[in-house]
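Working notes, structure below.
Please treat every number below as a calculation from the coordinates, not as lab data. All values derive from a computational prediction rather than experimental measurement. Note: ideal-geometry Cβ built from the backbone for every residue, glycine included; neighbour counts use all protein chains shown.
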Amino acid sequence: MKILYISYWSLGDPLNASAIFPYFPLLVNENNATITFYTFENSRDKLEELPFNLPGVEHRPLHLRRLGFSALSKLELLVRGRRELIREARSGTYDMIFAKGSMAGSFAHDVHMATGVPYVVESFEPHSEYMAECGVWPRFGFRYRVFSMYERRQVEHAHRIITVTHNHRDDLIASGVAADRVSVIPSITDVERFKFDPKDRAHTRAQLGIGPDEKVGIYVGKFGGLYYDREAFELFKRSMDHFKGMHIIILSPMDHAWITERALQVGIDPGRLHVTSAQHNDVPAFLSASDIAFSPIKPAPVKLYQCPVKNGEYWANGLPILMTDLVADDHRLLRKGIGGSVFGAGLAGLDDALRTMEGILADPEHRVAIAGLARKYKTLDLARTVYATLF
């Protein structure tokens with residue numbers, strides 16, 4: 001089995017580390033595949049050593065060329081990338097194309113139409129709808145119209161659509177898509193890598209100046225776009241008011257000065273705020289140092305189709321999640337106080353959610369129980385089952 005694998009993200013993007021690299025051993029070692037792995041790089045810089053060492057996977061970056069205007073440079077990369085992928089598919093006798101997400105799926109569709117090689121879109125989500133609902137892409141704009149068209153074509157032509165939630169699969173089937181063409185693999189987590197470690201907890205807290213008995217909330221990710229901005233910081237502040245003396249850790253690639261300023265605007269004590277960034281391998285130590293985790297996603301009907309990678313990592317570490325309601329399949333459990341709790345749009349019902357979180361933390365075995373949710377709902381075994389039906 002020879003696979004042409006397309007990622008729309010740069011090689012160093014944390015999404016590759018969490019959403020693609022864990023699948024490679026499954027494809028190579030258990031399905032006898034060889035993989036040519038393409039990424040779209042946002043710079044011309046020479047890439048560092050590969051973050052994985054797996055015989056059978058060859059990485060080929062598509063680098064950005066500086067053409068004076070960033071939009072023109074990006075467009076040139078997309079056109080050149082499409083041409084390169086088609087050329088490779090024609091010359092490489094590939095059996096299948098894998099695309100991670102609907103953005104990469106647009107390239108897979110074009111390659112399929114040009115070469116006839118069947119393609120699979122994994123982690124398929126209506127990305128154009130996400131961006132429109134969040135106000136990032138206007139519905140009359142070029143990007144929304146183009147990518148929503150490509151998403152419809154993928155649903156029609158892909159050999160298999162693999163969604164990240166049962167909510168999305170059910171709706172696709174209800175719209176007329178054959179059930180045997182739609183599978184579900186949620187955003188999976190390496191539960192061993194992200195498991196709770198008491199030594200990491202003590203060491204990280206000591207580094208940050210946090211006492212052993214103080215409560216800590218953590219958020220991993222960005223602000224704006226698909227996620228709350230101002231409301232996220234209000235969420236942190238109200239959580240700190242509820243859990244007196246709580247510290248907040250924010251791991252984000254965004255500008256730290258901007259994040260700190262946003263936090264100060266809502267009255268967060270700077271002495272209890274810890275803004276930093278971390279490589280993906282270092283995130284588990286910060287999670288182990290924490291007690292609750294935040295997943296403040298902007299509410300919208302299509303968010304039922306989303307499956308945040310961070311949720312699986314939080315659960316694997318035994319952290320209860322405080323999340324916006326009606327997001328992913330996870331909300332069904334969180335609504336019942338299993339693995340965390342939910343609040344509504346505009347932080348509605350947050351006080352009740354915080355009381356639920358307080359009750360969860362009172363159970364001395366809660367971390368063990370929550371880590372069990374990750375083993376049940378977020379492990380690679382779920383992908384293994386689906387892959388067995390592809391080859």
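Going by a ≥ b ≥ c, the root eigenvalues of the Cα gyration tensor, does the range 53-170 fall in the rounded group (a/c under 1.5), the prolate group (a/b larger than b/c) or the oblate group? All intermediate terms of the calculation are to be shown ahead of the outcome.
Values: a/c = 1.76, a/b = 1.09, b/c = 1.61.
Judged from the Cα gyration tensor, the range 53-170 comes out oblate (a/c at least 1.5, b/c at or above a/b).
With +1 on each Lys and Arg Cβ and -1 on each Asp and Glu Cβ, how big is the dipole of the chain about its Cα centre, in debye rounded to the nearest 20? Can you show the working numbers first?
Working: 46 positive and 46 negative charges, 170 e Å.
In debye, rounded to 20, the chain gives about 820.
Can you return the lysines within cross-link range of LYS100? Criterion is Cα-Cα under 18 Å, with same-chain partners fewer than 8 residues away left out.
Candidates past the 8-residue exclusion: LYS2, LYS310, LYS378.
Assuming a ≥ b ≥ c are the square roots of the Cα gyration tensor eigenvalues, decide whether the range 227-323 counts as rounded (a/c under 1.5), prolate (otherwise, with a/b larger than b/c) or oblate. Provide the component values of the computation, followed by the final result.
Working: a/c = 1.43, a/b = 1.18, b/c = 1.21.
Rounded shape, in that the Cα axes give a/c under 1.5.
For the residues THR260, THR36, THR389, THR189, what sequence is obtained by ranking on other C-beta atoms within 10 Å, fewest first?
Details: THR260 15, THR36 18, THR389 9, THR189 25.
With the fewest neighbours first, THR260, THR36, THR389, THR189 line up as THR389, THR260, THR36, THR189.
Which one, LEU273, LEU226, LEU264, has the greatest fluctuation when you compute a Gaussian network model over the chain with C-alpha springs under 10 angstrom?
Answer for the Gaussian network model of the chain: LEU264.
Most exposed first by the Cβ proxy, i.e. fewest other Cβ within 10 Å, how do ASP282, ASP325 rank? Each step should come with its number before you reach the end.
Details: ASP282 13, ASP325 18.
Ranked by crowding around the Cβ, least crowded first: ASP282, ASP325.
For a quick size check, give me the Cα extents of the chain along its three principal axes, largest first, whole Å.
62, 47, 43
Taking the Cα centre of the range 2-185 as origin, work out the dipole magnitude from +1 charges on Lys and Arg Cβ and -1 charges on Asp and Glu Cβ, in debye rounded to 20. Walk me through the intermediate numbers first.
Numbers: 21 positive and 21 negative charges, 154 e Å.
Here the range 2-185 has a charge dipole of around 740 debye.
Using a Gaussian network model of the chain with C-alpha springs under 10 Å, which one of PRO51, PRO25, PRO320 is most mobile by mean-square fluctuation?
PRO51
Per residue of the chain, what 222 nm ellipticity follows from adding -39500 (n - 2.57) for every DSSP H run with n ≥ 4, rounded to the nearest 500?
Working: 16 runs with 168 residues, N = 391.
Dividing the helical sum by the residues of the chain leaves -13000 deg cm²/dmol.
What is the angle, in °, between the Cα long axis of helix 350-362 and the longest principal axis of the Cα atoms in the chain? Nearest 10 is fine, range 0 to 90.
Approximately 80 degrees, to the nearest 10.
Compute the angle between helix 70-91 and the longest alpha-carbon principal axis of the chain, please, reported from 0 to 90 degrees and rounded to the nearest 10.
It is inclined by approximately 50 degrees.
Which ordering of CYS307, CYS134 is given by a fewest-first count of other beta-carbon atoms within 10 Å? Mind dumping the intermediate values first?
Values: CYS307 26, CYS134 18.
Fewest to most other Cβ atoms nearby, the residues stand as CYS134, CYS307.
Mind pulling the angle between the C-alpha long axis of helix 142-157 and the longest principal axis of the chain? Nearest 10 degrees, somewhere in 0 to 90.
70
What's the FRET efficiency of ARG143 with MET113 using the Cβ-Cβ distance as r and R₀ = 22 Å, to the nearest 0.05?
About 0.60, to the nearest 0.05.
Using a Gaussian network model of the chain whose springs link C-alpha atoms within less than 10 Å, name the residue from ALA289, ALA371, ALA362 with the highest mean-square fluctuation.
In this elastic network of the chain, the residue with the biggest mean-square fluctuation among ALA289, ALA371, ALA362 is ALA362.
For labels at LEU78 and LYS244 in the simple 7 Å Cα→Cβ model, what's the distance in nm?
In this crude label model, LEU78 to LYS244 measures out at 5.4 nm.
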